[in-house]
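Structure, as structure tokens:
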Amino acid sequence: MNDLYQKIITMTQSGLPVESRPFLSIAKELGVSEQLVIDSFKKMNDSGLIRRIGIVPNHYAIGYTHNLMTVWDIDDKKADSLGKEIGQLEFVSHCYRRPRHLPDWPYNIFAMVHGKTKQEADERMEEIRILLQSDCHQFCALKSSRILKKTGLRL
Amino acid sequence: MIERAGSSLLQKPAVLSELEKKLINRLQHQLPITESPFQSIAEELGVSEVEVISTIRNLKQKKVITRFGPLFDITKNEGVFSLCALKVPAEQIDRVANQVNSYTQVAHNYLREHRWNMWFVLAARNSDELENIFDEIVKSTRCEGINCPKEAEYFVGLFLPV
């Protein structure tokens, strides 16, 4: 990987300066031109190395107090196609397949669901349940009760 | 005295101004990659660049937003992510959370209502490093743990309109 990209990642993984010319201040620190920094960000963005540049809100602070990690035990053969369908529901923010840990953890599909009220979150979970019907053997919702840490990744 | 884990984080809704709400909605989408990105946002929202910048700084300071900047997908750079869980006895939550949170490789950590009650994301350069950190956490916290690395990603795209 490009050495400049690595330096930019290291410098900005904790955040971008909130000032009029954010890319200029990064450029100055790295001793390169502002245009080069902008081009690098565009390329990292196009390649998917950057998912997006923006904010990460604290869910609770912006009113989403009912955050459920919903987990589903779905037949392996159908997990990928149903996982994609769940991921396409507009209220699902993340959807992944992960390994089961039998017997204590039988779930293989994880979908994050957020609501401003308990009812809203529960209705959304119900929508997933209806979509899965008998392809899901068991499911569970793990409501978050406290944020213990939230920083984003640092490497 | 054990510090209450997460006590520095907002755990309930904040009162938000109209401009704060607009910015929270707009900035959950992509910031323009240009010389003066906040100027473009300001024009979109019909306010001044100075207002945009000071409002974002203020939201950060109030901890309504936990981050402003690029979100990297480290899996595109040979990095790995895993979601891990521990079964932590109720009276040991703060002790264990402080131990887990002390790792820079732990990006976030949530307490959840379940017998597997502590869920955190580990990020590492490769799966060996990740497994080593996970083993170390399980050993040092003396809690039962499960490591659930991502096998397939179907969707990532958080948008929480306010």
Phi-based couplings in Hz for the range A:53-69 (Karplus 6.51, -1.76, 1.60; Gly and Pro marked x):
10, x, 9, 10, x, 6, 3, 4, 4, 9, x, 8, 9, 10, 10, 10, 8
Compute the distance from the alpha-carbon center of the range B:100-119 to that of the range A:90-118, in whole Å.
15 Å
At a 1.4 Å probe radius, which order do B:Phe155, B:Phe38 fall into by accessible area, largest first?
B:Phe155, B:Phe38
Tell me which aspartates and glutamates have Cα within less than 13 Å of A:Lys118's Cα, excluding those fewer than 8 residues away on the same chain?
A:Glu126
Considering all projection directions equally, how large on average is the shadow of the alpha-carbon convex hull of chain A, in square nanometres?
11.9 nm²
What number, in percent, do you get for the relative contact order of chain B if the mean sequence gap of Cα pairs under 8 Å and at least 6 apart is divided by its residue count?
26 percent
Accessible area per residue, Å², the range B:10-162 with all protein chains present, probe 1.4 Å
46 Å²
Shielding by partners, peptide A:84-95 (average Cβ within 10 angstrom, other chains)
4
Amide H contacts of A:Ser145 (H built 1.01 Å from N, under 5 Å, at least 5 apart or other chain)
B:Leu111, B:Arg112, B:Glu113
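What percentage of the solvent-accessible surface of the range B:62-162, computed with a 1.4 Å probe over protein heavy atoms, is contributed by carbon and sulfur atoms? Don't skip to the answer; put the middle values down first.
Details: 2140 of 4360 Å².
About 49 percent, which is the carbon plus sulfur part of the accessible surface.
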Roughly how many Å² of B:Glu91 are accessible to a 1.4 Å probe, to the nearest 10?
150 Å²
Amide H partners (placed H, <5 Å) of A:Cys136, local residues excluded
none
Pull up all non-local amide H partners of A:His101: gap of 5 or more, or a different chain, and H-to-H distance under 5 Å with H placed in the peptide plane.
A:Tyr107
Per-residue ellipticity at 222 nm for the protein assembly as shown, helices alone: DSSP H runs ≥ 4 residues times -39500 (n - 2.57), over residue total, nearest 500 deg cm²/dmol?
-11500 deg cm²/dmol
Note on the range A:31-51: residues buried by at least 50 Å² of accessible area once partner chains are added (vs chain on its own, 1.4 Å probe) come out as A:Leu49, A:Arg51
Mind checking the range B:88-125 for trypsin sites (Lys or Arg not before Pro) that DSSP puts in a loop (not H, G, I, E or B) and that have at most 14 other Cβ atoms within 10 Å?
B:Arg115, B:Arg125
Relative contact order for the range A:66-143, counting Cα pairs under 8 Å that sit 6 or more residues apart, in percent
48 percent
P(r) for chain B, please, calculated from all Cα pair distances in 10 Å bins and given in %.
9, 30, 29, 23, 9, 1
What Kirkwood hydrodynamic radius, in Å, does the protein assembly as shown give when the mean of 1/r is taken over all pairs of distinct Cα atoms and then inverted?
20.7 Å
Would you please state the base-10 log of I(q)/I(0) at q = 0.19, 0.26, 0.28 1/Å for the range A:41-85, with intensities from the Debye formula using one equal scatterer on every alpha carbon?
-0.86, -0.84, -0.89
Of B:Lys22/B:Lys87; B:Lys62/B:Lys139; A:Lys78/B:Lys139; A:Lys77/B:Lys150; A:Lys42/B:Lys22, which ones are farther than 28 Å apart at the Cα?
B:Lys22/B:Lys87; B:Lys62/B:Lys139; A:Lys78/B:Lys139
Please calculate the 1.4 Å probe accessible area of A:Ile50, with all protein chains present, and give it to the nearest 10 Å².
0 Å²
Sequence order, the range B:54-70: Karplus ³J(HN,Hα) from phi using 6.51 cos²θ - 1.76 cosθ + 1.60, θ = phi - 60°, Hz rounded, Gly and Pro as x, gives 5, 5, 5, 4, 5, 5, 5, 5, 6, 6, 6, 10, 9, 7, 9, x, x
Please express the Cα-Cα pair-distance distribution P(r) of the range A:3-47 as a list of whole percents, one per 10 Å bin, running from 0 to the bin with the greatest distance.
28, 65, 7
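The values are calculated or read from the model by the stated rules, or taken from the named source; none is laboratory data. None of these values were measured; they are calculated from a predicted model. Note that each Cβ is placed from the backbone with ideal geometry, even for glycine, and that neighbours are counted across all protein chains shown. Please note that ligands, DNA and RNA were not included when accessible areas were found on the heavy atoms of the full protein model with its side chains. Shrake-Rupley method; radii C 1.70, N 1.55, O 1.52, S 1.80 Å.
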